[in-house]
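In what follows, a single structure is set out as structure tokens and then discussed.
The values are calculated or read from the model by the stated rules, or taken from the named source; none is laboratory data. As the structure is a prediction and not an experimental result, all values here were calculated from the model. Cβ placement follows ideal geometry from the backbone for every residue including glycine, while neighbour counts extend to all protein chains displayed.
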Amino acid sequence: MKRIALITTGGTIAMTKDPKTGGAVPTFSANRSITEIDRLNEIAMIEHHGFSNLPSPHISPSLMWKLSKLVDSLLERDDISGVVITHGTDTLEETAYFLDLTIKSEKPVVCTAAMRSIDELGTDGPRNVVSSVRVAINSMAIGMGTMVCLNDEIHAAREVTKTYTSNVATFDSPGYGPLGIVDEDKIIFYRKPLQRETIEVKQIEEKIALYKTFTGDSGQILKSLPQIGFKGIVLEAFGRGNVPPKVADTIERLIKEASIPIIITSRCFKGRVLGIYGYKGGGLQLEKAGAIFAPGLSPQKARIKLMIAMGITKDIEHIREYFLHSKGGQK
Ligand code: ASP
């Protein structure tokens, strides 16, 4: 029987309803119940590691990095075949992508969660954990990077996002689809995540802002970000990577005068950003101004990558290489 490390970090899967407030909160009993799922011991030898019991909006980039180091050290062990991590669904995609970029091992890393706590009717937690352990022991999962497994689907960390606030079928990979599915006790993979890459982390730069532009944006808020300490900015633009005219002026100034790296992403959740529009605020102008395009990455994933890249270099041209060199990069 294979040995799987099960790391618990918190989330709804480790919560129960507080009788006083009626709100779901992290509890010791719910966290313990993850490790007591009957079926688990029939599938693999489970080794539990309690990392935290936090709602995922409390997970910070430094905790992601600490988790990455723990996963790395567990996967170095010959007796461990893979790692399953339970996490809150809200920010799961960020932690999963951080792990995907930083874990060197080819052994499977599977993140899972629940939309319904253990005391709710139709709780999805136990099934998701059992499915994730099945994925982690499957030989086809080797080399797939970090995956997210919920609701009988397996998604690539780079592509997956939470799409539904309440439904158990919340995780999806828009424009890509799942890597595979869980069909009872069978794991069926349909494809490999060919865009997967890893970066050696030296340290991380946490002061990275995520800024969403809007119609009529004067650029004032964007301009203030370096003044309050942000060292890099991921900008959620429109469509192919276009912004209102005054925002384009601000971008130009921030790059030229303050050497702030600005990463262009889109509020569209499918497709790639690219400088094809030549009008004022169009992507071509942003490209000429030195903005860096992050094709195929959601704004929140681009922020994770920039945090890691800026831990290595503060030089805009060097940072650009991390985004250009992503497979199938800009040009
Ligand atoms: N708010 C919860 C969290 O992310 C949601 C969940 O786990 O489903 O911790």
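Observations, loosely collected:
- Residue count for the range 187-231, restricted to those that are over 28 Å from Asp72 (Cβ atoms) and among the acidic types (Asp, Glu): 1
- The residue that is nearest to the ligand (Cβ to nearest atom), among those in the range 27-43 that are surrounded by fewer than 20 Cβ atoms within 10 Å (Cβ to Cβ) and over 21 Å from Asn151 (Cβ atoms), is Thr27.
- Cβ separations smaller than 6 Å between residues 6+ apart or across chains give the following pairs from the range 102-127 residues that are closer than 18 Å to Leu6 by Cα and more than 11 Å from the ligand (Cβ to nearest atom) to residues that are at pLDDT below 95 and part of a loop (DSSP other than H, G, I, E, B): Pro126/Ile37.
- Exactly one residue among Leu54, Leu92, Leu101 is surrounded by fewer than 22 Cβ atoms within 10 Å (Cβ to Cβ) and at pLDDT 95 or above, and that residue is Leu54.
- Filtering Ile181, Ile154 for residues that are in contact (Cβ under 8 Å) with a residue 24 or more places away in the chain, surrounded by 14 or more Cβ atoms within 10 Å (Cβ to Cβ) and touching a Gly at 6+ places or on another chain (Cβ under 6 Å) leaves a single hit, Ile154.
- Being over 23 Å from Arg158 (Cα atoms), in contact with a strand residue (DSSP E or B) (Cβ under 8 Å, 6 or more places away or on another chain) and within 14 Å of the ligand (Cβ to nearest atom) is a condition met by no residue of the range 71-92.
- The residues listed here are Ser56, Ser60; of these, the one that is within 16 Å of the ligand (Cβ to nearest atom) and in contact with a helix residue (DSSP H, G or I) (Cβ under 7 Å, 6 or more places away or on another chain) is Ser56.
- Thr21 in contact with an Asp or Glu (Cβ under 6 Å, 6 or more places away or on another chain), within 16 Å of the ligand (Cβ to nearest atom), modelled with pLDDT of 95 or more and more than 27 Å from Asp185 (Cα to Cα): no
- Residues of the range 207-263 satisfying the condition of being surrounded by fewer than 17 Cβ atoms within 10 Å (Cβ to Cβ), among the hydroxyl-bearing types (Ser, Thr, Tyr) and under 20 Å from Ile304 (Cα atoms): Ser259
- Flag if Ile308 is in contact with an Asp or Glu (Cβ under 6 Å, 6 or more places away or on another chain) and under 24 Å from Ala156 (Cβ atoms): no
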